[in-house]
Amino acid sequence: MNAILPEAPTREDKTVSTLLEAMPYIQSFWGSTIVVKYGGAAMTSRRLQAEFARDIVLLKLVGMRPIVVHGGGPQVTDMLHRLGMDAKFVRGHRVTDEETMEVAKMVLIGKVNKDLVGLVHRHGGTAVGLSGEDGQLLVTDRLAHRDENGEPIDIGLVGSIREVNTAVLDLLAEGAIPIVASIGSDENGQAYNVNADTAAGALAAALDAEKLVLLTDVAGVLAPEGEGERLVSECTLPELDALEASGVVTGGMVPKVAAVRTALQGGVHSAHIVDGTVDHALLLEVLTDSGCGTKVVP
Ligand code: ADP
Ligand code: MG
């Protein structure tokens, strides 16, 4: 994006030029919704969590409407170990049984969510923590999971999103930043674990967000090139589909690509997969010319 200003500052002043560089972004994104998925490695360090919270407060202060969706798989696993509970597997697939779901709710909603709320407050923002159960924000069904061979496999209380009801977010005061734990529920109040990438993509689509930003622990979407790999810094959805069809998208990147697709097909203007372990990756991606991850446009 080109700066609207007539001239760059004559004095070599990095601070001023950084602010000026952000200006056209602030102008074009003022008042627009940005859904940010936070999780994985970027979440395990207290320092990165605090920096993330600060970035979110800054985005809010310059007029955007950030909404945070978080997971916390490693924290749930950690608590299961502390409670002496073993992760259960069926044919190599992790199963969320009733007890695991109970711990997941306690950790994600009771701890991870409130820690993030507290960090936002520490940096002068106002946050309200919710889960997808509140106001039936994320109505889910039990996920009909299939293994690699296409065989149905019961992995327990894992949800697929059927419906998103954003009305509960309208109840929040204008200044509040919603922070959503990715747990959904069905009409009977049964809770399900929902992949946080999936939840963020669905929420971005339902909110007609300007952007979806998925913070992760890799630079973005990587594709093989020669002996090594290259970062796909910008591509269209059909290009991303082609990459996926060629088999380079695996593991944890699969739900991210699916979330990008849901968001863009739902009217979101751009989706970004960014390395959250890089300091202030979120600000760099949203407010500067030097965006660092993968940007996907329709
Ligand atoms: P998060 O906790 O942020 O959701 P995940 O581990 O679930 O992170 O997903 C990111 C991981 O996806 C990467 O660390 C990488 O191992 C894997 N991955 C699979 N295919 C790709 C790809 N084409 N480009 C980048 N990462 C990929
Ligand atoms: Mg993941």
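Values for this structure:
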quantity	calculated
Cα point-scatterer Debye curve for the chain, base-10 log of I(q)/I(0) at q = 0.09, 0.10, 0.12, 0.13 Å⁻¹	-0.44, -0.54, -0.78, -0.92
Within the range 186-218, backbone nitrogen closer than 11 Å to the virtual label 7 Å beyond the Cα of Ala258 toward Cβ	195-199
Choice from Asn113, Asn193, Asn149 with maximal GNM fluctuation in the chain (Cα, 10 Å cutoff)	Asn149
Rough spin-label spacing in nm, given labels placed 7 Å along Cα→Cβ, for Asp289 and His145	4.7
Mean residue ellipticity (222 nm) of the chain, computed from DSSP H runs ≥ 4 via -39,500 (n - 2.57), nearest 500	-10500 deg cm²/dmol
Selected from Leu83, Leu138, Leu214 as most flexible by GNM, with the chain as the system and alpha-carbon contacts under 10 Å	Leu83
Approximate spin-label separation His93-His280, in nm, with each point projected 7 Å along Cα-to-Cβ	4.4
Calculated FRET efficiency for the pair Asp186/Ile153, C-beta based, R₀ 22 Å, to 0.05	0.65
Solvent-accessible area, 1.4 Å probe, carbon plus sulfur percent, for the chain	53
Per-residue ³J(HN,Hα) for the range 248-256, Karplus 6.51 cos²θ - 1.76 cosθ + 1.60, θ = phi - 60°, Hz, x for Gly and Pro	7, 9, 9, x, x, 7, 4, x, 5
Karplus 3J(HN,Hα) series, Hz, for the range 271-287 with 6.51 cos²θ - 1.76 cosθ + 1.60 (x for Gly, Pro)	10, 10, 10, 9, 6, x, 8, 7, 3, 6, 4, 5, 5, 4, 5, 8, 10
Top of Ser270, Ser28, Ser131 by mean-square fluctuation, Gaussian network on the chain, Cα under 10 Å	Ser28
Residues with amide H under 5 Å from that of Val158, placed H, sequence gap 5 or more	Leu143, Asn193
3J(HN,Hα) from dihedral phi, the range 116-122, Karplus parametrisation 6.51/-1.76/1.60, rounded to Hz, x for glycine, proline	5, 4, x, 5, 4, 5, 4
Residues with amide H under 5 Å from that of Ile153, placed H, sequence gap 5 or more	His145, Arg146, Asp147
Surface accessible to a 1.4 Å probe, per residue, for the residues of the chain, Å²	48
Folded to 0 to 90 degrees: helix 196-206 orientation relative to the chain principal axis, Cα	60
Cα-based shape type of the range 1-160, given that a ≥ b ≥ c are square roots of the gyration tensor eigenvalues and the cut on a/c is 1.5	prolate
Amide H contacts under 5 Å for Val95, placed H, 5+ residues apart	Lys88, Phe89, Val90
Label-reachable residues, the range 149-192, where backbone N falls under 17 Å from a point 7 Å from Asp217's Cα toward its Cβ	none
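The values are calculated or read from the model by the stated rules, or taken from the named source; none is laboratory data. Keep in mind the model is a prediction, meaning the values are calculated, not measured. Counting neighbours? That spans all protein chains shown, and the Cβs are built from the backbone with ideal geometry, glycine included. Please note that ligands, DNA and RNA were not included when accessible areas were found on the heavy atoms of the full protein model with its side chains. Shrake-Rupley method; radii C 1.70, N 1.55, O 1.52, S 1.80 Å.
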